[in-house]
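The values are calculated or read from the model by the stated rules, or taken from the named source; none is laboratory data. Just so it is clear, the structure is predicted and the values come from calculations on it, not from any experiment. When we count neighbours, we look across all protein chains shown, and the Cβ atoms used for this are built from the backbone with ideal geometry, even at glycine. The accessibility values were calculated without ligands, DNA or RNA, using every heavy atom of the protein model including side chains. Shrake-Rupley method; radii C 1.70, N 1.55, O 1.52, S 1.80 Å.
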Amino acid sequence: MMNNALCGFLLAGAGGFVGAGLRYLAGCLPALLGGTCSHIWVTFAVNILGSFCIGWLSPFWIAPRNPARIFVIVGILGGFTTFSTFSADTLHLLQSGRWGWALVYAGSSVCLGLLAAWFGARLAM
């Protein structure tokens, strides 16, 4: 049991390292392409893409302890998507008095994230 837990821990950690690195690069991408982009919209795009990928890949690895599932879905995609950043961005919009934008951002993130996960799962079938 301990070896399985340790193996899962290491797989999730290694995947999280890759996912967090990819998330960082996604944040740098607008500047690298010569444009500007609010970090809020990068977070939005990352979360929708991550939701799609999780929905698309989950049917291939049904077993929760499958090493590929732990590495890719829990690790890479868990490290890539950014619920904490989404929460902080929404809070920032609220604190700056942009209640309408906060509602649009939070609502569309949740709705489009669920839709992307559903679409990914349907595509996998």
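Cβ separations smaller than 6 Å between residues 6+ apart or across chains give the following pairs from the stretch 63-79 residues that are among the charged types (D, E, K, R) to residues that are in a loop (DSSP other than H, G, I, E, B): R69/W61. In the condition set (1) at pLDDT below 95; (2) over 28 Å from N4 (Cβ atoms); (3) among the polar types (S, T, N, Q), T81 is compliant with all but (2). From the list L77, L32, the lone residue that is open to solvent by 60 Å² or more (accessible area, probe 1.4 Å) and among the hydrophobic types (A, V, I, L, M, F, W, C) is L32.
The set of residues from the stretch 57-69 being out of contact with any Lys or Arg (no Cβ under 9 Å at 6 or more places or on another chain) and buried (at least 17 other Cβ atoms within 10 Å of the Cβ) comprises just one member, R69.
Read through the list (1) touching a Ser or Thr at 6+ places or on another chain (Cβ under 9 Å); (2) free of Cβ contacts under 8 Å to residues at least 60 places away in the same chain; (3) not hydrophobic (A, V, I, L, M, F, W, C), then give the number of the only condition that S96 fails. Status for S96: all satisfied but (1). Every listed requirement among (1) in contact with a Leu (Cβ under 9 Å, 6 or more places away or on another chain); (2) surrounded by 13 or more Cβ atoms within 10 Å (Cβ to Cβ) is met by F86 save one, (1). Filtering the stretch 89-104 to residues that are in contact with a Leu (Cβ under 6 Å, 6 or more places away or on another chain) and among the aromatic types (F, W, Y) leaves only W101.
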